[in-house]
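First the structure, in the form of structure tokens, and then the observations on it.
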Amino acid sequence: MRVRFAPSPTGFLHLGGARTALFNWLLAKQNNGVFILRIEDTDAERSTEESTGQILDSLQWLGLQWDEGPYFQSQRLELYREHIERLYKEGKIYPAFESPEELEAERERALAEKRNPIYNRASLRLPKEEVDRRLAAGERFVWRFKVPDEGHTDVPETLMSGAADCKFENAAMGDFVISRAGTMKEPGWPLYNFCCVVDDALMGISHVIRGQEHLSNAARQVLLYQAFGYPVPTFTHLPLIMKNNKKMSKRDKDADPAFPVSVSGRRDLGYLQEATVNFISLLGCSYPMEEEIFPVDVLIKNFNLDRLQKSNANFDEDKYLFQNAWYLRNLPREDVVERVKPFIEAAGYDWERAAPVSHGAEKWLADIIGLEIERCKLLSEFPAALSYFFIAPSEYEQRGVTKIFHNEGVPELLDAVAEALLLTTPFTKEAMEDALRRLGDAKGLGFGKIAQPVRLAATGRTASPGLFDVLEHLGREEVIRRLVKAKEWLQSNPKT
RNA sequence: GGUCUGGUCGUCUAGGGGUUAGGACACCGCCCUUUCACGGCGGUAACACGGGUUCGAUUCCCGUCCAGACUGCCA
């Protein structure tokens, strides 16, 4: 089995493309096949090297390593031209001289008259002498494929159309362009539908898996395979991935920047590679496993084209986030710590300096990440979640001030806690808990009555990881400092 | 307009002529608990509509409706 992923380098790799690549890759892995990467860069206007680099990066980040390629269509022009020549000699294509403007006008006329806007074959009806003369004169033209007038073309499709062949009426297809405008001396670059067929045939692609938006292209491509006498691969057209009931597209200018459509954008927001692969594998496909979280090797074993869904899939941000959070919690901790580090550093937090002297900095960082890990869904959330370990609170959560700080006797309580913690040795969570529980007993206070104000004083928040874990990792000095500061703040901001 | 494809909880989906229509996310409730979160348990919630075929249709067939893709000298 030979499969391929063939992106055009006109932007980043988007999640839909990533899924297409993944499904191809899975099939190759599963069947000991070959996964080929081909860059479809025949649109010189839009293709960029930068984009190619980004696409390769993203594929590698996802772990979708190709076995062959990348091939670049821009380096295979000779091949395409030979094929064009062949079709021309066999009378299967013809030059068409209309300008884009003429075509556009004709198209609008057709639409206005409610006719199907397909090419009217004006150039096909030109006398041979005229064609030869204009060609010799160096007039610009495009190559058009002569589609049979009658009959229909069957696309061997494994998914859509009930996995029966998909039939397309030839008469409705129109003579499509296979090569951009050029002259005999300076031919234009060939077009997608054409290159794709030549390459897939020459590269021995046995199975084409791509988005459903290509289904109608497939009919034209089948015609080309037949024209060349090349074997037609089988096609599987995947249901589209929808966002807001529209096809999720990298060309969507209205896309919400908080939910990037690109793989790299997700990576930069702190989505994990494992979660991304897992999540996109679920879009339009199901697996025999009950659980929806599974490692990639299980995915390879269980992926099956028969289990593809035919209807379009909506991109569910909540589920993606859920899976990301799951991987955050369940991947080896050291591994997660390494991935969080850059985000912490980018936020300007110097964890080596912030760690209390009593803790090793590396261990301390790993510990505090562990403390907040259950409250984070993305790597990018850690800096904000951990901020109180780096910066003492300068203000306190409003809800906490009214519901906790403004209770009777809080300033005295903070004093008493500071005093107790000053004497607590070692400064461990067990010893602290012991000390504060005893303090509570002595004052006749429920434990929550003590923990809540201390938490607010230490973190500025009403919610945090276990209080004593936090205190221990803040270090005694800092905790005392914050308790004193909170008391002072309360004295200058009393209940009104 | 034309061509093509699709339609099961809000979302992703399993299923398939007879099921209490199953799971996951989200949501709600309870438990755990120093808070939040995690975790555990439970709950609300779906076969687009109309005709057939059939003893029986969500499942098969046909229409309708709705949705989407394509309709480029983009891929």
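The values are calculated or read from the model by the stated rules, or taken from the named source; none is laboratory data. All of these numbers come straight from a predicted model, not from anything done at the bench. Quick reminder, even Gly has a Cβ in these numbers, built from the backbone with ideal geometry, and neighbours come from all protein chains shown.
Please work out if A:Ser249 is within 11 Å of RNA strand B (Cβ to nearest atom), more than 25 Å from A:Pro156 (Cβ to Cβ), hydroxyl-bearing (Ser, Thr, Tyr) and part of a loop (DSSP other than H, G, I, E, B).
Details: within 11 Å of RNA strand B (Cβ to nearest atom): yes; more than 25 Å from A:Pro156 (Cβ to Cβ): yes; hydroxyl-bearing (Ser, Thr, Tyr): yes; part of a loop (DSSP other than H, G, I, E, B): yes.
Yes.
Kindly indicate which of A:Gly448, A:Gly460, A:Gly440 is surrounded by fewer than 16 Cβ atoms within 10 Å (Cβ to Cβ) and either closer than 21 Å to A:Ile373 by Cα or without any contact (Cβ under 8 Å) to a residue 24 or more places away in the chain (or both). Break it down into steps so the answer makes sense when it comes.
Details: A:Gly460 fails: surrounded by fewer than 16 Cβ atoms within 10 Å (Cβ to Cβ); A:Gly440 fails: surrounded by fewer than 16 Cβ atoms within 10 Å (Cβ to Cβ).
Answer to the check: A:Gly448.
Out of all the residues in segment A:403-417, is one or more in contact (Cβ under 8 Å) with a residue 60 or more places away in the chain, within 32 Å of the chain's Cα centre (by Cα) and surrounded by fewer than 19 Cβ atoms within 10 Å (Cβ to Cβ)? The answer is no, given that none of the residues of segment A:403-417 is in contact (Cβ under 8 Å) with a residue 60 or more places away in the chain, within 32 Å of the chain's Cα centre (by Cα) and surrounded by fewer than 19 Cβ atoms within 10 Å (Cβ to Cβ). Between a residue in segment A:476-490 that is in contact (Cβ under 8 Å) with a residue 60 or more places away in the chain and of a type in the set (Gly, Ala, Ser) and any residue that is outside any helix (DSSP H, G or I) and loosely packed, with under 15 Cβ neighbours inside 10 Å, which pairs come within a Cβ distance under 6 Å, given they are 6 or more apart or on different chains? Every condition considered, no pair remains. In segment A:476-493, the count of residues that are surrounded by 14 or more Cβ atoms within 10 Å (Cβ to Cβ), within 15 Å of RNA strand B (Cβ to nearest atom) and not in a helix (DSSP H, G or I) is zero. The residue that is nearest to RNA strand B (Cβ to nearest atom), among those in segment A:132-145 that are over 24 Å from A:Val197 (Cα atoms) and not hydrophobic (A, V, I, L, M, F, W, C), is A:Arg140.
Rundown of residues vs (1) of a type in the set (A, V, I, L, M); (2) touching a Ser or Thr at 6+ places or on another chain (Cβ under 8 Å); (3) within 18 Å of A:Asp43 (Cβ to Cβ), yes/no style:
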residue: A:Asp175; (1), (2), (3): no, no, no
residue: A:Ser179; (1), (2), (3): no, no, yes
residue: A:Gly188; (1), (2), (3): no, yes, yes
residue: A:Val197; (1), (2), (3): yes, no, yes
residue: A:Ala201; (1), (2), (3): yes, no, no
residue: A:Ala219; (1), (2), (3): yes, yes, no
residue: A:Leu238; (1), (2), (3): yes, yes, no
residue: A:Lys247; (1), (2), (3): no, no, no
residue: A:Lys250; (1), (2), (3): no, yes, yes
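Taking segment A:315-361, which residues are touching a residue at least 60 places away in the same chain (Cβ under 8 Å) and surrounded by fewer than 14 Cβ atoms within 10 Å (Cβ to Cβ)? A:Val357, A:Ser358 - these are the residues of segment A:315-361 that are touching a residue at least 60 places away in the same chain (Cβ under 8 Å) and surrounded by fewer than 14 Cβ atoms within 10 Å (Cβ to Cβ). Do we have any residue at all in segment A:417-424 that's at pLDDT below 90 and in a loop (DSSP other than H, G, I, E, B)? So far as segment A:417-424 goes, yes, one or more of its residues are at pLDDT below 90 and in a loop (DSSP other than H, G, I, E, B).
Taking every residue in segment A:372-399 that is more than 15 Å from A:Arg333 (Cα to Cα) and pairing it with any residue that is more than 13 Å from RNA strand B (Cβ to nearest atom) and not in a helix (DSSP H, G or I), at least 6 positions away or on another chain, the pairs with Cβ-Cβ distances below 6 Å are A:Ser380/A:Leu269; A:Ser380/A:Gly270; A:Pro383/A:Ala347; A:Phe390/A:Tyr349.
Taking the criterion of being at pLDDT 95 or above and part of a strand (DSSP E or B), the residues of segment A:53-75 that qualify are A:Glu68, A:Pro70, A:Tyr71, A:Phe72. Could you list, in sequence order, all residues of segment A:96-141 that are among the polar types (S, T, N, Q) and out of contact with any strand residue (DSSP E or B) (no Cβ under 9 Å at 6 or more places or on another chain)? Listed by number, the residues that qualify are A:Asn116, A:Asn120.
Between A:Glu101, A:Glu50, A:Glu108, A:Glu129, which is away from RNA strand B (no atom under 14 Å from the Cβ), over 25 Å from the mean Cα position of the chain (by Cα), surrounded by fewer than 18 Cβ atoms within 10 Å (Cβ to Cβ) and not in a loop (DSSP other than H, G, I, E, B)?
It is A:Glu129.
Just a yes or no: is a residue in segment A:1-13 surrounded by fewer than 22 Cβ atoms within 10 Å (Cβ to Cβ), more than 20 Å from A:His214 (Cα to Cα) and either polar (S, T, N, Q) or touching a residue at least 60 places away in the same chain (Cβ under 8 Å) (or both)? For segment A:1-13, residues surrounded by fewer than 22 Cβ atoms within 10 Å (Cβ to Cβ), more than 20 Å from A:His214 (Cα to Cα) and either polar (S, T, N, Q) or touching a residue at least 60 places away in the same chain (Cβ under 8 Å) (or both): present.
Among the residues of segment A:107-125, just one is in contact (Cβ under 8 Å) with a residue 12 or more places away in the chain and either touching a Pro at 6+ places or on another chain (Cβ under 8 Å) or more than 20 Å from A:Phe145 (Cβ to Cβ) (or both), namely A:Ser123. For A:Phe259, the conditions (1) surrounded by fewer than 18 Cβ atoms within 10 Å (Cβ to Cβ); (2) closer than 21 Å to A:Arg329 by Cβ all hold with the exception of (2).
What are the residues in segment A:177-200 that are over 33 Å from the mean Cα position of the chain (by Cα), in a loop (DSSP other than H, G, I, E, B) and within 7 Å of RNA strand B (Cβ to nearest atom), if any?
First, the residues of segment A:177-200 that are over 33 Å from the mean Cα position of the chain (by Cα): A:181-188.
Imposing the further condition that a residue be in a loop (DSSP other than H, G, I, E, B) reduces the set to A:183-188.
Hit for segment A:177-200 is A:Gly188, nothing else.
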